Amino acid sequence: MKFSQFVGPLSAVAVISAFGAALAVSTPVPAMDAEAKASATTTQSTAALVEAGQYKADPAHSFVTFTVDHFGVTPYTGLFGDVDGTLVLDPAKPQDAKVDMTIPVSKLTVANAGLHDHLLRAPKEATGKPDFFGPAPADAHFVSTGITSTGAETATLNGKLTLNGVTRDVSMPVEFHGAAKMPPQMNNALSIGFTAHTEIRRSEFGLGYGIPMVSDAVKLDIVAAFIKDAPKP
């Protein structure tokens, strides 16, 4: 959702599985009794379950993966987790939905410690620029500017992404993935999820190190889960 753009690493290391990395940041689910297991098994994830209101991002199950081309030899994939933010949604008026998301760049995950350190290391010279983000990168921030429905469960999301101190317009197709009432151990909360994808050029965000050996184009795949806010007492 709010979600666009990122980085390009420069190192010949093995391609990681984004899904495996996502599991590494997942929050353990409390043990369920037999009744709760049965309820979870029979719960249907359908658009009809979606309710109007404000939702909070579920950082344990939301992430952004990036993929760049490495020397024309392999794709290389990494991940940003702990995504935070809000979604305001009315199923009767999907075009009025509002998305505001924050992606902590400092929480990036890659398969190699040396590459991780390179992406976040300080400039070699005190007055120089880091190759990528530096040791204390600001969070990326996405705010929607408009949503256009393209089908019963699809839409085009437009917005502004701020990354590395640069703000650019971005656009991406979004697809509703599912909705479900969580079991009692998870407070019976309503959870809804979306997937999206887009492509950006990292050079447009001041992250041009290593081009063209590592591609300027960055493919982004977003998984965004949201939990409906509990009503105020």
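The values are calculated or read from the model by the stated rules, or taken from the named source; none is laboratory data. Small disclaimer: the values here were computed from a predicted structure and weren't measured. When we count neighbours, we look across all protein chains shown, and the Cβ atoms used for this are built from the backbone with ideal geometry, even at glycine. Quick note on the areas: whole protein, heavy atoms, side chains included, nothing else; ligands and nucleic acids left out. Shrake-Rupley method; radii C 1.70, N 1.55, O 1.52, S 1.80 Å.
Explain nothing, just the number: dipole magnitude of the stretch 112-233 about its Cα centre with +1 on each Lys and Arg Cβ and -1 on each Asp and Glu Cβ, in debye rounded to the nearest 20. Mind showing how you got there, number by number?
On the way: 11 positive and 12 negative charges, 48 e Å.
My answer is approximately 220 debye.
Please give the peptides 218-226, 51-59 ranked by average Cβ packing (other Cβ atoms within 10 Å per residue), highest first, as a rough proxy for protection. Walk me through the numbers on the way to the answer.
Working: 218-226: 21.9, 51-59: 16.3.
Ranked by mean Cβ neighbours within 10 Å, highest first: 218-226, 51-59.
Semi-axes of the equivalent ellipsoid for the stretch 84-159, please: Cα gyration tensor eigenvalues, times 5, square-rooted, ordered largest first, whole Å. Each step should come with its number before you reach the end.
On the way: eigenvalues 273, 33, 21 Å².
Here the semi-axes work out to 37, 13, 10 Å.
Pop the C-beta distance of K93 and S203 into the FRET formula with R0 = 41 Å and round what comes out to the nearest 0.05.
Numbers: r = 38 Å, r/R0 = 0.92.
The computed FRET efficiency comes out at 0.65.
Roughly to the nearest percent, how much of the accessible area of the stretch 52-184 is carbon and sulfur, given a 1.4 Å probe?
The C+S portion of the solvent-accessible surface of the stretch 52-184 is 53 percent.
Counting Lys and Arg as +1 and Asp and Glu as -1, what is the net charge of the other residues whose Cβ lies under 14 Å from the Cβ of S215? Write down the numbers at each step before the final one.
Working: positive: R201, R202, K219; negative: D69, E199, E204, D216.
Around S215, the charge tally is -1.
Projected area of the stretch 35-171, taken from the Cα convex hull and averaged over every viewing direction, in nm²? Present the calculation step by step, with values, prior to reporting the outcome.
Values: hull surface 48.5 nm².
Approximately 12.1 nm², given one-decimal rounding.
Tell me the Rg and the Dmax, in Å, that the Cα atoms of the stretch 52-93 produce.
Considering the stretch 52-93 through its Cα atoms, Rg and Dmax are 16.0, 47 Å.
Once you list every other residue whose beta carbon is under 13 Å from the beta carbon of S191, what net charge do they have if Lys and Arg are +1 and Asp and Glu are -1? Before the final figure, lay out each step's value.
Numbers: positive: K56, K181, K228; negative: E51, D58, D229.
Around S191, the surrounding residues sum to 0.
Could you pull the Cα extents of the stretch 156-233 along its three principal axes, largest to smallest, in whole Å?
Over the stretch 156-233, Cα extents along the principal axes are 51, 25, 24 Å.
Mind checking Rg over Rh on the stretch 122-201, alpha carbons, Kirkwood formula for Rh? Show your work: numbers first, answer last.
On the way: Rg = 18.4 Å, Rh = 15.8 Å.
When Rh is taken as the Kirkwood radius, the ratio is 1.16.
Please compute the contact order of the stretch 64-147 in relative form: average sequence separation of alpha-carbon pairs under 8 Å and at least six residues apart, divided by the residue count, as a percent. Don't jump to the answer; show the numbers that get you there.
Values: 139 pairs, mean separation 22.6, N = 84.
Once normalised by length, the contact order is 27 percent.
Rounded, prolate or oblate, given the Cα gyration tensor of the stretch 148-188, with a/c below 1.5 counting as rounded?
On the way: a/c = 5.60, a/b = 1.61, b/c = 3.47.
Since a/c reaches 1.5 but b/c is at least a/b, the shape of the stretch 148-188 is classed as oblate.
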